[in-house]
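Before any comments, here is the structure.
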Amino acid sequence: MDELKKPSKPLIYYWAIAMMILTLFNLLAKPWYQRAQITEVDYGTFITMTEEKKIAAVQVRDNQIVFTDKDKKMFRTGLMDDPARTERLYKSGAKFSSEIIEEASPLVSALMSWVMPLGFFALIWHFMQKRLGGLGGPDSMMFGKSKARIYVKSTEGIKFADVAGEDEAKENLAEIVEYLHNPGRYKEIGAKMPKGILLVGPPGTGKTMLAKAVAGESNVPFFSISGSEFVEMFVGMGASKVRDLFKQAKEKAPCIVFIDEIDAIGTKRSGNVMGNDEREQTLNQLLTEMDGFEDNTGVIILAATNRPESLDPALTRPGRFDRRVPVELPDLKGREEILKVHAKKIKHDPDIDFNKIARMASGASGAELANIVNEAALRAVRDDRPQATQTDFEESIEVVIAGYQKKNAILTDKEKMIVAYHEIGHALVAARQSQSAPVQKITIIPRTSGALGYTMQVEEGNHYLMSQEELENKIATLTGGRAAEEVVFGSVTTGASNDIEQATRLARAMITRYGMSDDFGMVALETVTNQYLGGDASLACAPETQATIDKKVVDLVRTQHEKARQILSDNRRKLDELAKRLYERETITGEEFMEILNDQTTLA
Ligand code: ADP
Ligand code: ZN
């Protein structure tokens, strides 16, 4: 949901207004109202009226005397030291009353001092509630009320056509749509729809979108709640929210319930006493609810997570979330389609090469691609162009991947030279190893992400498998930057830290996970624990084996580093030439790079 919300004023603002109104009311309105009814007279008048027996009722108060005449008109006067007053009043026939005067009209009075302020409060309360509701923020006053919202109700919602790529996931979910359209067919044959479907994949790949599309295609209500919303500050609230959500859903069946980030409540229960009570209660309630409703009630629960391995087994067993739909990062074709879908929303040059952009943005998620398109449009506006051009798109990839150009980063000449050699080092090693992807662009303009320069490589097509040789070449390319510094300057800088990290990770994976070492063969020494979030791995081997692994990783990287250094020494003239060009221009394209590299005339 991209809707803009008006910035709301803080709560205190409304309280302040309420208090001000009340104070003003008490200060001005009430006394004014009362005074309008009561005539102020002096003590002499009071005595005269007493003597003339004009007083009907009287009340002596702490600081004043209030009385009425025979016409029920009200008067007031100050209190004087007058011992004979009571006697005189008694004789005049005045009635001593304890409840006259202001309270003469108790209804009006009560109205003024109670009902109206209460009314004000009610009004303000109502107002605030609406505000809070609109914010969707946590509201501890609404105990246990579910915040599930109905998003999509009709066909004008998101459809499968809006979700580009992800054909397998769509195919899988199309069955659900079919079921919601025509449940009879399934009942007749005795087939049960899965109650829960787990959408698994990295962030930003369109899981939420797919869930919405299922609802949109089936034309049923769509409830959406995030797992983290269940975990409240009061114990027991999460469970009651779950109960409430399912109650609502059953009333609206058939419908889709979407639980985002289900790992927030669904992680494995620890079993120890100090566990997170609230989360476990919530999870238990969810399990109970899922078991509780019959098959074929028409409530389909979709849940999304990017940490499927952390989910409690109870949640994924048959009868609960037993179907798993992978939503992977888009491949080349998928990326191209996603770009096209989003590009429809902006004005752009009719002959944009989306394939090229998709190739440049390898590894980008759907959300990042959407962002790239938007950045391209923004860039066009910034530069006063009526539509986005190919350059806008290409430049925006860099913005999304590496951040904006840092306009005022000042590199010394020496630093700039080193960065130029470093980047050319990567590119040259890549280009001289046939299997490595060709270079798309090299730049030494610093970026807000902290990169001082980078070499953008382009994958020619989809890669599903990588050979050992390709992996080794990749490591060599990663070490190419540092190797160039060594070959040319004979010293090294901190600029290679990211390269080192990546090279090490690759080398480690080759040995511990891909079985690419002679000693260990096909034994898994590491298991990936976080497949969709960076791919952390944990070692599963003896300490001695660990030491061997470490040594092998070092050897592997060193060999490739050596190879890179050799390539650069052999191509020293080209290295100098290219680095000089990059230093002067700050950015060179892949074509320019290859032109210089293949230009034989300078090779004497
Ligand atoms: P997730 O729930 O997997 O984190 P979302 O469904 O919230 O991702 O996607 C975020 C945004 O990314 C969407 O609003 C959409 O603009 C874009 N997006 C992601 N995947 C796709 C896709 N396959 N096709 C079109 N747009 C996509
Ligand atoms: Zn580098």
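The values are calculated or read from the model by the stated rules, or taken from the named source; none is laboratory data. Computed from a predicted structure; not experimentally measured. Cβ coordinates were reconstructed from backbone atoms using ideal geometry, including for glycine residues, and neighbour counts include every protein chain displayed. Side chains are part of the model used for accessible areas, which takes the heavy atoms of the whole protein and leaves out ligands, DNA and RNA. Shrake-Rupley method; radii C 1.70, N 1.55, O 1.52, S 1.80 Å.
Observations on the model:
- Pairs with C-alpha atoms separated by more than 29 Å, drawn from the list K344/K416; K250/K345; K170/K474; K207/K250; K207/K347, are K344/K416; K250/K345; K170/K474.
- Added length on full extension, which subtracts the Cα-Cα distance from 0.36 nm per residue, T39 to K192: 46.7 nm
- T297-E584 pseudo-label distance in nm [points 7 Å out on the Cα-to-Cβ vector]: 7.5 nm
- The modelled label-to-label distance for the pair F25/Q600, using points 7 Å beyond Cα in the direction of Cβ, is 9.6 nm.
- The stretch 332-402 - percent relative contact order, Cα under 8 Å, separation 6 or more: 36 percent
- Accessible area ranking (1.4 Å probe, heavy atoms, ligands and nucleic acids excluded), largest first, for R379, R307, R573: R573, R307, R379.
- Distance (nanometres) between label positions extended 7 Å along Cα→Cβ at C541 and E251: 5.9 nm
- Per residue, the average separation of C-alpha pairs within less than 8 Å and at least 6 apart gives the stretch 167-266 a relative contact order of 29 percent.
- A full extension of the chain between M80 and R185 corresponds to an added length of 28.2 nm, given 0.36 nm per residue minus the alpha carbon distance.
- The length gained by stretching the chain between A161 and H126 to full extension, at 0.36 nm per residue less their Cα-Cα distance, is 8.4 nm.
- Sites T391 and M116 - FRET efficiency at Förster radius 56 Å, r taken between beta-carbons, to 0.05: 0.25
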